[in-house]
Amino acid sequence: KVVLGIETSCDDTAAAVVDETGDVLGEAIHSQTQVHLKTGGIIPPVAQQLHREHIARIVQEALSASQVSPSELSAVATTVKPGLALSLGVGLSFSLQLVAQLRKPFIPIHHMEAHALTVRLTSAVDFPFLALLISGGHCLLALARGVSDFLLLGQSLDIAPGDMLDKVARRLSLMNHPECSAMSGGEALEHLAKQGNKLSFDLKPPMQRAKNCDFSFSGLQHVVDKLVMQKEKEEGREQGQLLSAAADIAAAVQHTVACHLARRTHRAILFCRQRDLLPQKDAVVVASGGVASNLYIRKALGVVMNATECTLLCPPPSLCTDNGIMIAWNGIERLRAGLGVLHETEGIRYEPKCPLGVDISRDVAEAA
Ligand code: ATP
Ligand code: FE
């Protein structure tokens, strides 16, 4: 079995060809990050236009690199939810044309399911496992019980941690820092935090009293905004100049975010065990998404793993961020399980909003 995966849910146009053993036969990606960095955020029509310009070439490159002829494909798998409507639309209409032309089955993919299952491509991981998905657009804890069987334990009530780290990095003008110019906000903060003291500022982890597995980052972001403003006044610097307190602020923010993520994960493990949803020993926790490549955050999660005798697995960074490989792999998983493989694509739509699995976050709160 060989699947072509296509991803356009946000700002990366990506494609890959993966076989059933998990071998990546070919891949290609076009990232729009540099374009959106200039405008300070993603402008959906701009993202749509860039997807349109690049999708045919990217799919062609992935196919050529794989040396698999289109007729040999078992199916085409494409992200159809959740994501930016205009971006999803480009990938979906391209894919529907392609499967009609090739007469191949179509496998609609849930972007977060793909993030959660990626780990099974790189490690032998059986269900059930707990997944912490943390990126620029998402933040959730879900129990994976099967290829398309998820329980959503909690998610962010406002913004995602990557979004928050990006905003803080921009507020601190880290892009102007020579060492950080080509980095994402999260990477820049991690880099600068190494030179700072995390205890310089006493930032409180969000939602300390809430007995659930939900997350929140916008309150913390506002606190940091105010702190930066105050430091700018104290140091007499203009907006845009790097503060001498920048490294300390970066370290404190990173520490606080790590604490919040680790505490929620700890709570999720205890809840799942209490309900016999996870084994009492040797349970697996998977952390993925761009923010999961942060080594300080991984260390904080490691402390929870030791305390609960769980094992933390993180896909390699290139598979943590958006890519075509995870979509193709999700297609392979679905093909093997015989789930959601369509031979008839009429009525298929993209869905900008779509929770992952069954939302049991209320149960989690009541159980506490
Ligand atoms: P989606 O939410 O759909 O997956 P995305 O493009 O935001 O979309 P990713 O590409 O997975 O998701 O992740 C990008 C985010 O990860 C950015 O917000 C970036 O700042 C953050 N990030 C990347 N590296 C690090 C790091 N080392 N530490 C913290 N955050 C990081
Ligand atoms: Fe993603």
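Here are the numbers:
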{"quantity": "Strands (runs of 3 or more DSSP E) contained entirely in the stretch 40-154, each with at least 1 residues that are of a type in the set (D, E, K, R) and farther than 24 Å from Ser184 by Cα", "calculated": "75-81, 139-146"}
{"quantity": "The one condition in (1) in a loop (DSSP other than H, G, I, E, B); (2) among the aliphatic types (A, V, I, L, M); (3) surrounded by 19 or more Cβ atoms within 10 Å (Cβ to Cβ) that Ala210 fails to fulfil", "calculated": "(3)"}
{"quantity": "Residue within the stretch 17-28 that is within 16 Å of ligand 1 (Cβ to nearest atom) and hydrophobic (A, V, I, L, M, F, W, C) present", "calculated": "no"}
{"quantity": "Leu356 vs. criteria assigned to a loop (DSSP other than H, G, I, E, B), of a type outside the set (Phe, Trp, Tyr), surrounded by 14 or more Cβ atoms within 10 Å (Cβ to Cβ) and within 16 Å of ligand 1 (Cβ to nearest atom)", "calculated": "yes"}
{"quantity": "Any hit, the stretch 121-140, residues being surrounded by fewer than 24 Cβ atoms within 10 Å (Cβ to Cβ), among the aromatic types (Phe, Trp, Tyr) and closer than 29 Å to Ile42 by Cβ", "calculated": "no"}
{"quantity": "Options Val291, Val304; residue that is in contact (Cβ under 8 Å) with a residue 40 or more places away in the chain, in a helix (DSSP H, G or I) and more than 13 Å from Leu133 (Cα to Cα)", "calculated": "Val304"}
{"quantity": "Flag for Glu234 being more than 13 Å from ligand 1 (Cβ to nearest atom) and closer than 18 Å to Tyr296 by Cβ", "calculated": "no"}
{"quantity": "Positions within the stretch 315-353 being crowded, with 22+ Cβ neighbours inside 10 Å, part of a loop (DSSP other than H, G, I, E, B) and modelled with pLDDT of 95 or more, in sequence order", "calculated": "Asn323, Gly324, Tyr350"}
{"quantity": "One residue from Ser95, Ser66, Ser87 being out of contact with any strand residue (DSSP E or B) (no Cβ under 7 Å at 6 or more places or on another chain), polar (S, T, N, Q) and either closer than 28 Å to Leu140 by Cβ or at pLDDT 95 or above (or both)", "calculated": "Ser87"}
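Yes or no, residue by residue, for (1) under 14 Å from the mean Cα position of the chain (by Cα); (2) of a type outside the set (Gly, Ala, Ser); (3) away from ligand 1 (no atom under 16 Å from the Cβ):
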{"residue": "Val99", "(1), (2), (3)": "no, yes, yes"}
{"residue": "Lys104", "(1), (2), (3)": "no, yes, yes"}
{"residue": "Met112", "(1), (2), (3)": "yes, yes, no"}
{"residue": "Val119", "(1), (2), (3)": "yes, yes, no"}
{"residue": "Ala131", "(1), (2), (3)": "yes, no, no"}
{"residue": "Leu141", "(1), (2), (3)": "yes, yes, no"}
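The values are calculated or read from the model by the stated rules, or taken from the named source; none is laboratory data. Treat the numbers as computed from the prediction; the structure is a model and nothing was measured. Note that each Cβ is placed from the backbone with ideal geometry, even for glycine, and that neighbours are counted across all protein chains shown.
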